[in-house]
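Visitor: Have a look at this one before I ask anything.
The values are calculated or read from the model by the stated rules, or taken from the named source; none is laboratory data. Every value quoted in this text rests on a predicted model; they were computed, and no experiment measured them. Neighbour counts run over all protein chains shown; Cβ positions are idealised from the backbone, glycine included. Heavy atoms of the whole protein, side chains included, go into the accessibility calculation; ligands, DNA and RNA do not. Shrake-Rupley method; radii C 1.70, N 1.55, O 1.52, S 1.80 Å.
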Amino acid sequence: MAVSILSHEVSDLCLGKPALSSLSVSATVGEALSALKRFGDLFLSVWSCDQHHRCNSPRSIKVDFSECKCIGKVCLADVICFLSKEENLKNPGKALQEPVSLLLNSKVSGLVRHLEPHASIVAKRHSLPPLSFSRGRLSLLEAIDLILEGAQNLVIPLHSPFTRKKLISKSTANSTLHNNREYCWLTQEDIVRYLLNSIGLFSPTPNHTIESLNIIDTGSFTVHYDDPAALPLISQSLVKQTSVAILDADGKLIGEISPFTLNFCDETVAAAIATLSAGELMAYIECGDPPEDLIMVVKQRLEERNLGPALDLIEEESGILSSASDSSYSSSSDEEFGMGRSGRVAGNSARAGRSTETIVCYPWSSLVAVMIQALSHRLSYIWVIEEDGTLVGVVTFAGMIKVLRERLRSMV
């Protein structure tokens, strides 16, 4: 049975997934912001080529793979964190004209891995039956190993019944061709969901507590309620696909600042991140419309720090995008990356789909229970607390995948 699981190709997990929404590396931060708002995608894939002038053209059929590949991803939280820097708050208009590559340069390399249609890692890396590498295509186990090495998204070509000529004529504003193909990406959530469907094969590991499996990460990002919002921690938690825990004086979890909640805000929250305390920021972003008193606090503190241009970001947030062009991106219906919509208490957002609740488990929770909890809330992490609310750490999709990967190794 273990061999049967491992023999599956990652392309099997891509069935029914939409084509990626994409953005050219030549785009600006403002164009990325316009695309994210216009199409409502949580993430956009960034490509090394200009898809409108090359990849969608019949002349691009013979383009080399190395000339056009996905090199990263961006989300609204990336843009917000970028605008939150003091030098960018002094001139938001100029900041939005900066290249989108600046958003990628701030991240760890290898988060997005672009794989060729029949890519396969060298079999010598594993002590596995040949079936796992049938037809030279990427196996599930290889995909798992790439994720454990740090990848968060695996870019996979979509199988299509269309010929090259039909694909080019079929491509519209709702899909993009790269190297004459459409692509999707496989996420950590996809892997965990797939493994959960066969969870009985991993017995007894799924019934063990997360504490006994040693997958609780105690090095999570934390800040106290009255501390500054800590932009660096928010940026780091975005890269790690977690969140920033807000603690009281006794170390008890009272909320979080989630980068994925920021994905449902607008760019005006950048000024709030730069001026508010962690607790104030939590209140600012937890509802669809920020409290009026906190908006006044943000404006007052911006004036005190001589950041007048940032006031325009709050008062006329749509005007600053008026010059942003749509020419560097295209879109599809894509709610990819499957990452959390998280926050604190019940609330609404102008962008549909946001949930506002801090999700927790306990050291004695079973692995399978935490997997179900994370998937049901579409979170990539779950906070771990003691019964009295004291924060213990966090469990992530990567940790879950790692322990099941070790179980697979022992079964083969």
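Visitor: If you scan the range 263-279, which residues turn out to be over 24 Å from the mean Cα position of the chain (by Cα) and either open to solvent by 10 Å² or more (accessible area, probe 1.4 Å) or without any contact (Cβ under 8 Å) to a residue 40 or more places away in the chain (or both)?
Guide: 275, 277
Visitor: Given the criterion modelled with pLDDT of 65 or more, open to solvent by 10 Å² or more (accessible area, probe 1.4 Å) and outside any strand (DSSP E or B), identify the matching residue among 124, 107.
Guide: Just one listed residue meets the conditions, 107.
Visitor: Now for a different question. With respect to residue 389, is the statement that it is surrounded by fewer than 16 Cβ atoms within 10 Å (Cβ to Cβ) and of a type in the set (Gly, Ala, Ser) true?
Guide: yes
Visitor: Test residue 282 against the criterion of being modelled with pLDDT of 90 or more, hydrophobic (A, V, I, L, M, F, W, C) and open to solvent by 50 Å² or more (accessible area, probe 1.4 Å), and give yes or no.
Guide: It is false that residue 282 is modelled with pLDDT of 90 or more, hydrophobic (A, V, I, L, M, F, W, C) and open to solvent by 50 Å² or more (accessible area, probe 1.4 Å).
Visitor: Which condition number does residue 295 fail, the rest of (1) farther than 24 Å from residue 92 by Cα; (2) among the hydrophobic types (A, V, I, L, M, F, W, C); (3) surrounded by fewer than 24 Cβ atoms within 10 Å (Cβ to Cβ) being met?
Guide: Of everything listed in (1) farther than 24 Å from residue 92 by Cα; (2) among the hydrophobic types (A, V, I, L, M, F, W, C); (3) surrounded by fewer than 24 Cβ atoms within 10 Å (Cβ to Cβ), residue 295 misses just condition (1).
Visitor: Next up: Restricting the search to the range 245-262, which residues are open to solvent by 10 Å² or more (accessible area, probe 1.4 Å), outside any strand (DSSP E or B) and in contact (Cβ under 8 Å) with a residue 60 or more places away in the chain?
Guide: 250, 251
Visitor: Please work out which residue is farthest from residue 404 (Cα to Cα), limiting yourself to the range 202-244 and to residues that are in a helix (DSSP H, G or I) and among the small types (Gly, Ala, Ser).
Guide: 235
Visitor: Do we have residue 289 as open to solvent by 50 Å² or more (accessible area, probe 1.4 Å) and over 25 Å from residue 30 (Cα atoms) here?
Guide: no
Visitor: OK, next. Which ones in the range 217-229 are open to solvent by 30 Å² or more (accessible area, probe 1.4 Å), more than 18 Å from residue 250 (Cβ to Cβ) and in contact with a helix residue (DSSP H, G or I) (Cβ under 8 Å, 6 or more places away or on another chain)?
Guide: 217, 221, 228
Visitor: Turning to a different aspect of this structure: Of the conditions (1) assigned to a strand (DSSP E or B); (2) within 11 Å of residue 359 (Cα to Cα); (3) of a type in the set (A, V, I, L, M), residue 374 fails just one. Which one is it?
Guide: (1)
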